[in-house]
Structures are given as structure tokens and as C-alpha cells.
Amino acid sequence: MSADIAAKPGPLPRASLRDTLAAVAEIVLPTISKGVIIRRPRVVGLAERLGLDGRAVRRMQRLRAKYGPGPLMLAIPGRNQAIILSPEDVHTVLDNAPEPFSPASAEKRAALAHLEPHASLISRGPKRDDRRRFNEQVLDSGCPVHRMGERFVAVVGEEARALLKTAGSRGELAWDDFTASWQHMVRRVVLGDAARDDEDLTDMLARLRAAGNWAFLRPQRKGLRDRFYERLEGHLARAEPGSLAAVIAATPQTADTAPAHQVAHWFFAFDPGGMATFRALALLASHPDQAGRARREIGAAGPEGRRDLTFLRACILESLRLWPTTPAVLRETTRETRWDTGTMPKNTSVFIFAPFFHRDDENLPYAHSFSPDLWMDGVRQGGWPLIPFSGGPAICPARDLVPMLGSAMLAALLDGRQVALKDPARIDPGAPLPGTLDNYTLRFDLRD
Ligand code: HEM
């Protein structure tokens, strides 16, 4: 959004009906079908086989070539829908949250109301400010190492050891065992050791999330939601030392904070952290030079230094660049906004498609290769929007915590053993990396 003086009068460019249909079919529908609130594994597998994410990026490139780099309105009857096509406009939208670009878009409110109606992400005004502050304080946003880092990394190590035992007895490391172990770790980190085996809690949330995938098309399951929150509140009330629940108990709250609803969001958001970690393991298993760097870092850090493994954190971020787990970053305008190319009405839904910016091979020489160095030195990104955790005032408050836990998990799995993909053809380091990587079907051989 440029200064209002430079703004061109009249509406923004509008896509033809044909281009709108193509954008909806190739970009919007595959993103929704994979499951926005909880993934549908079969659709993720199909997306990899059919190369749907690569096709979506190419469609975005064609739209930019045809209509120019400014925001483009889609021709959807009864709805103001804009898509963002330039890096500058991504920054403008993200930097100007929550006004005039509110993160609490209608789609997100409809989906997340099923499970966490008072979450920061779908709140507005002073309530949002209070809930956002609470999230930042408890998650130590902006601090590379959380105040409980030492304890959390020890928990990761314990769960990784148990996972390695299971993998050893099965003869392979596969997703089901990995995700079970990740969830043990997450429940311990968030609620404490007593919650480690409370799979019912995670299952209840999974059912609410499945309803959330259907947004306003599905009635809310209020009974299930009440039971979920009763159980969650019970865990939080223990404020178990060494967990985020203890940090919550020591953090100022108002009548509006709704801590349990913020925590529900964390549980839901830890899932993609596991996916990114498993995919990063696949990248390292297929790139021996980078795996060597990782081992040298692990060796030099020793068990004490696992809180801050710069290179392995970069591998988690790179996994999220290549396969962003929040591909659609959505905003809604709270007033009319003016741009170089025209005016965008109030209540426009603004769509930023992260894979387009992360994999734009017309502009990025590294688009389809494993390049963790991009994250070791922010300058190498040259202001280009690599936004796995979004950006601006509504950036993910766990952008440090997730790489800390993921890198500690990678270190525990790689330390002292060789890790190989069972199906090495899935990732060929000499070829462009696939647009989608189905984490559910990755399997690894582990050798001491
Ligand atoms: C790989 C893991 C994760 C990724 C890629 C991720 C990414 C994101 C993104 C892109 C947003 C912005 C969404 C939007 O603007 O619509 C966001 C928001 C948020 N994330 Fe994460 N996230 C992850 C994990 C987590 C975890 C584990 C937590 C909590 C422990 C968390 C807490 C939040 C919260 C509270 C918000 C809302 C912020 C606000 O209201 O301003 N995230 N995250």
C-alpha cells in the first residue's frame, strides 16, 4: 500500500472469470482440501503424487505476468477477495496488522470457533491485545532460548530415546511412532509430566479440529468442546513445575485472557512443528554434506548446548520454507485501503500464498534446493518474504520455541547414528525438490 497521495483512483485490477476459476481450482481448493485446521493425510499424499503445490505456484506466476505485481481482485460474486503478488505488498499487509489488515478473517473465525473461540488469532480490539500479550509473555517470543529451555530440551531427549527404542524394535522410524513421541513431548512441555499419556485430550481436540476443517458448513460440537476444556483446565490447574502451565500461572491475566483457549491453539499448532521436524530429518538424510555439518554442530555443542543449535534450527526453518505448514496467510481489511494500482474495499479478504514467495523460481535461485544457510544470515534473504511464521505484529509467537524443540529432536535422532530414507527417490539432492512432501509416508532406516 503506497502513500494515499500516490494511489490511483478507481478499483484494483480484477481477474477475468476464467483466471478466477483457475486460481480457485489450482490454488485455493487444494489448500483447503489438504485440511486447514487438521491435515487429511490421503489428500496430502495425493498432492505430492499430482504435484499440486508446484502447479499452484506456476498459476500464481502466470497471474503476476498477466496482471502485474499489484494486488489482484478475484471475480467471486458477493465477495471481495484479493491476492497478493509482490514481496513489497506482502510486507505492507503483514506489517499493518491488526489495522487495517486484521488476522481475524471471517474464514479463520468460522474454522477456529469450533475449538478455540477466544484464541488471540481470531480476536479483535483490546481483547486481541491482551491475548497476544499473554501468548508472547508465556512463549518468550523473540528470545531464541525459552526460559525453560534446559528442561524442555531434556524432555525432548527423553522422548527421543524412547522413540529410538521403538524404532529399533520395528526396524524403521515411521510417522506414527514419531508423531506419538512428539505428542508425548508436547503434552509434557505444555502441561507437565502428568499429562504425558493423556491421549484422550489430544483426540478430543483432533475431533474438534476435524469439525473446524468444515468451518461454517458443520455445526459446532459444544458438548465435546466443554469436555475438552474441563480436562484441559484440570491439567492447567496443577501448574506443574517445569511446564508452560507453571509459566502461565505466573503470568498476569485479565478477565479476557482465556488462557485455556490460547493453550488449545498451541496444541493444534504443535502438530505442524512435528511435520516440519520429520521433513527436516528427510532433508538431512538425503543431503550428506549438510548432515555432516549437523553432526559437527551436535558434537561441538554437547548435551548442554542443545538449546541453541543454529544450523539445525536453520534446517527446521528451511523445511518450513520448502513445505510451509501455513500456506495461506489470511487477512481482512477493516477499512478501505489505497494502493498504487487502485483502491481495495473494506472487508476484503486478503490472501498471501506463502509457497508462491518461498518457491518463486523466476526470482529465487535457491527456490527448489535445500539451502539452510538462508536462515543463518537474514541478509541473504534480501528482504524477500520468507514467511513460514508470518510476519509483522501478528507473527507467530512460537517462532523461536518451535525451532528450539525441533532442532533438539533432530539432534537426539542424528547423534551417533546414520539416518537414511527408506525410499531415497523421494528426495534427490541433484534434482529440484518436490513441491509437496507427504510427511505421513516418510520412513527411515537408522544405523548406529
Ligand atoms: C511449525 C510450527 C508453526 C508454524 C509454521 C506456525 C505458523 C504460524 C503462522 C503463519 C501464524 C500466523 C497465522 C495468521 O496470520 O493467520 C501463527 C500464529 C500463531 N501461532 Fe504459530 N506456528 C507454529 C507453531 C506454533 C506453536 C507451537 C504455538 C504455541 C506454542 C503457536 C502459537 C501461535 C499463536 C498464539 C498465533 C496467533 C498469533 C496472534 O494472534 O497474533 N504456533 N503461527
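The values are calculated or read from the model by the stated rules, or taken from the named source; none is laboratory data. Treat the numbers as computed from the prediction; the structure is a model and nothing was measured. Glycine also receives a Cβ, built like all others from the backbone with ideal geometry; neighbour counts cover every protein chain displayed.
So, in region 353-374, how many residues would count as being under 19 Å from the mean Cα position of the chain (by Cα), part of a helix (DSSP H, G or I) and either over 28 Å from Asn80 (Cβ atoms) or among the polar types (S, T, N, Q) (or both)?
Selection size over region 353-374: 2.
Over 22 Å from Val155 (Cβ atoms) and not small (Gly, Ala, Ser): is that true of Asp256 in this structure?
Yes; evaluated as a whole, the condition is true for this residue.
Just checking, which of Glu158, Glu199 is of a type outside the set (Lys, Arg), more than 24 Å from Leu112 (Cα to Cα) and away from the ligand (no atom under 16 Å from the Cβ)?
On inspection, the qualifying residue turns out to be Glu158.
Which one of these does Ala167 not meet: (1) within 27 Å of Arg238 (Cβ to Cβ); (2) among the small types (Gly, Ala, Ser); (3) touching a residue at least 40 places away in the same chain (Cβ under 8 Å)?
Looking at each condition in turn, Ala167 falls short on (1).
Looking at Pro424, Pro429 in this structure, which one is more than 18 Å from the chain's Cα centre (by Cα), closer than 25 Å to Thr326 by Cα, away from the ligand (no atom under 16 Å from the Cβ) and at pLDDT below 95?
Pro429
Is it fair to say Asn96 is touching a strand residue (DSSP E or B) at 6+ places or on another chain (Cβ under 9 Å), within 13 Å of the ligand (Cβ to nearest atom) and not acidic (Asp, Glu)?
Taking the combined requirement at face value, the residue satisfies it.
Quick check on Ala269: is it away from the ligand (no atom under 14 Å from the Cβ) and either aliphatic (A, V, I, L, M) or more than 26 Å from Val28 (Cα to Cα) (or both)?
Answer is no for this residue.
Every residue in region 272-283 that is of a type outside the set (Gly, Ala, Ser) and either more than 8 Å from the ligand (Cβ to nearest atom) or at pLDDT below 95 (or both), please.
Those that are of a type outside the set (Gly, Ala, Ser) and either more than 8 Å from the ligand (Cβ to nearest atom) or at pLDDT below 95 (or both): Thr277, Phe278, Arg279, Leu281, Leu283.
Being in a helix (DSSP H, G or I), aromatic (Phe, Trp, Tyr) and more than 10 Å from the ligand (Cβ to nearest atom) is the requirement here; does Phe134 meet it?
no
Being of a type in the set (A, V, I, L, M), over 29 Å from Ala65 (Cβ atoms) and assigned to a strand (DSSP E or B) narrows it down to one of Val419, Val329, Val402, Val350, so name that one.
So the residue among Val419, Val329, Val402, Val350 that is of a type in the set (A, V, I, L, M), over 29 Å from Ala65 (Cβ atoms) and assigned to a strand (DSSP E or B) is Val419.
Does Ile27 meet the test of being surrounded by fewer than 19 Cβ atoms within 10 Å (Cβ to Cβ), in a helix (DSSP H, G or I) and not acidic (Asp, Glu)?
Criteria not met by Ile27.
If I ask for residues that are over 23 Å from Asp415 (Cα atoms) and β-branched (Val, Ile, Thr), which ones from region 131-179 would you list?
Residue satisfying the conditions is Val138 alone.
Can you tell me which residue among Ala154, Ala104 is of a type in the set (A, V, I, L, M, F, W, C) and surrounded by fewer than 18 Cβ atoms within 10 Å (Cβ to Cβ)?
Ala154
Of all residues being at pLDDT 95 or above and polar (S, T, N, Q) in region 368-391, which is farthest from Gly430 (Cα to Cα)? Just the residue, please.
Applying the filter and picking the extreme gives Ser390.
Can you pull out the residues in region 58-81 that are over 11 Å from Arg14 (Cβ atoms) and assigned to a helix (DSSP H, G or I)?
Arg58, Arg59, Met60, Gln61, Arg62, Leu63, Arg64, Ala65, Lys66
Could you list, in sequence order, all residues of region 344-390 that are away from the ligand (no atom under 16 Å from the Cβ) and touching a Ser or Thr at 6+ places or on another chain (Cβ under 7 Å)?
Within region 344-390, Met344, Lys346, Asn347, Met376 meet the criteria.
Could you tell me which of the residues Arg209, Arg221, Arg187 is modelled with pLDDT under 95, crowded, with 20+ Cβ neighbours inside 10 Å and within 25 Å of Glu116 (Cβ to Cβ)?
Arg209
Residue-wise test of (1) within 23 Å of the chain's Cα centre (by Cα); (2) within 30 Å of Thr202 (Cα to Cα).
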position	(1), (2)
Thr254	no, yes
Ala258	yes, yes
His265	yes, yes
Gly274	yes, yes
His287	no, no
Arg293	no, no
Ala301	no, no
Arg306	yes, yes
Thr310	yes, no
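For residues that are of a type in the set (S, T, N, Q) and out of contact with any strand residue (DSSP E or B) (no Cβ under 8 Å at 6 or more places or on another chain), scanning just region 348-375, find the one that is surrounded by the fewest Cβ atoms within 10 Å (Cβ to Cβ).
Asn363
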